[in-house]
Amino acid sequence: MSHPEAEPPTPNNLHVNHETGTGLGLCHHNQRRHINSFPPEVLHGVFLPVTPYYHGHYIRLLRLRLVCKYWIEVIDSTPELWTSISDRLRPELQAMIIQKSRHHLLDVVYGEGVLGRDPEWVQKIRAFESLMEPETSRWQALEYYRIDQKMDDWILPRPLHSLQRMQICMSSPDDECPALDAPRLSHVVANTCTFNRISLSGLHVLILHATNLSLNRLMVILRASPGLRELSLQKAALTVEDEGFLNSFTNKIPLPQLRALHVDRAYVQSTSFLLDWIEAPGLETFKVVFQCAGDATDHTDLSESVGHHIGAYPLPKEQKQAQVSIEVLDWEMRISIGEDKIAIWWLYLNKEDRPQIKLSCISSAINRMDSRVCEEVKALNLACWDSQEASEYLRIAHSRFPQIDHVSLRVGGGDVSEVGAVLRYLGSPSDLGLSEGWLLPKLTKLELDLRHSTETDLAERIMEIIEQRKAVEQTKDIIELRVTTAAGTMDLSTVELLRESVMIFDLIEIQETQIELVVDVA
């Protein structure tokens, strides 16, 4: 008796193909593990959220509960899956979360329904408060979007003794942040509020945006938080309440664990005072943004304070080679060491005052850097619009960073006359104050950005500088040259001359982007 030809096994027919299936196909089928056979610890890794955002997590979780009874049992018996709750969720889901999280700590979002412009938000907020009141001892993280005084009145007396992280957003910078009963609070992120009537201590993270925090209060918080790891003050006023209090400081505030410090457009004098009175030897990421306007003395003082931290010793461990970067444009300046430590100035000054202010700020910051860090700097990245200013920055770099052997230069828009003027300072002795001497005598690698230049005679000037530095004993030879130009601006003979003048030559040609403008006149 002949049997019908076996149907090829596929994922869709393996379960009905036993009678006619091939031996190999049945073997594969028997080796497959059904989703019901996975142990709970494997499913936990599938079910746990990748991010703590509760809403998308619960949509996914409720869908997973539809797969089979076994998955429902695993999900419902895993409290770690039910630890985020918000007033914006449906009441029945909120009740499920409270029940299934058991005694685990909760991440709570309070007031998010307001952000969603829910017309019934008042009733939902009050219902959420009733549900959460017995659970306040389990709150470990809180996102608080405060819209009315009643919300403060409800949350203030709650014993939030497990609360460690708080993110708060209020309606106005003049709204006072509530003084919560949260003795374990260590991570604070605040937007648009005032922090001048509450006491904070033992913080690890403090991030403030558009807040009315006084400098006096901030200094008290810092002194009470020696374990602080991150401090970010973005558009924080840092007003001075009591000059006598600030004058009473005699010892600096040690912050040995501080790794990240960011101050963005606070008052110049307050920022300078803050930076002068904190000691952060482990600082890895440092960024200060401030505006130059008004009294030049204030900017110089702040530049010195900034330079103290940018050039603090030692440099971050992962930094392979120390590079100082000086970028000076018409309205903006940047100075940095490495990739993480940077200061940015925005210039709101009369045009005739800008060159001197820029030079004063850069010079003050560099002069305050630790001499041991200056000895480690081997590379200079200099970008400047004006050749005369660029020559001054070269002199500053020469005086403070004696080990520089690599210079990357971009002047103006790549205009040949500007670049040539700067190169002349590298090709002959310069006035160094008490005597003449060669700038950056250890220079061996030179990078030039000429992408906007259409001139070809600059190659002769470059070769002249290379030969002049070869001919004197005071300087090392330039042996590596990299030139960036627009495609097609250097002919082959020029390229060969440059290649012959050094040991390593690299030409980078940038293709111009063509933009076609189509005008419809119909």
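You can think of it this way: the chain between Ile198 and Lys317 has 39.1 nm of extra reach, that is 0.36 nm per residue less the Cα-Cα gap.
I need the shape label for region 329-452. Rule: rounded when a/c is under 1.5, else prolate if a/b > b/c, else oblate, with a, b, c from the alpha carbon gyration tensor. Rounded, since a/c falls under 1.5. Counting only DSSP beta bridges with both residues in region 360-488, the antiparallel share comes to about 10 percent.
Shown here are the Rg and Dmax of the Cα trace of region 458-512, at 12.1, 42 Å. With the simple spin-label model, which puts each label point 7 Å out from Cα in the Cβ direction, the Gln257 to Asp148 separation comes to 4.0 nm. When the pairs Lys317/Lys378; Lys252/Lys287; Lys317/Lys476; Lys358/Lys445; Lys351/Lys445; Lys124/Lys150 are compared against a 25 Å limit on Cα-Cα distance, Lys317/Lys476; Lys358/Lys445; Lys351/Lys445 fall above it.
Among the GluC sites (Glu not before Pro) within region 203-274, those in coil by DSSP and having at most 15 neighbouring Cβ atoms inside 10 Å are Glu241. Can you list the residues, at least 5 places off or on another chain, whose amide H is less than 5 Å from the amide H of Val289, using H built in the peptide plane? Distant-sequence amide H within range of Val289: Val263, Asp264, Arg265, Ile344.
A straight line joining the Cα centroids of region 159-188 and region 225-265 runs 19 Å. Could you list the trypsin sites (Lys or Arg not before Pro) in region 78-164 that lie in coil according to DSSP, counting only those with at most 14 other Cβ atoms within 10 Å of their Cβ? When the trypsin sites (Lys or Arg not before Pro) of region 78-164 are filtered for loop state and at most 14 Cβ neighbours within 10 Å, Arg102, Arg117 remain. Highest mean first, the peptides 218-227, 362-371 sorted by other C-beta atoms within 10 Å per residue fall in the order 362-371, 218-227.
Applying both filters, DSSP loop and at most 12 other Cβ atoms within 10 Å, to the chymotrypsin sites (Phe, Trp or Tyr not before Pro) of region 87-164 eliminates every site.
Every read-out reported here was derived from the displayed coordinates using simple, explicitly stated rules and does not represent laboratory data. Here the structure is a predicted model, which is why all the values come from computation and not from measurement. Reconstructed Cβ throughout: ideal geometry from the backbone, glycine too, with neighbour counts over all protein chains shown.
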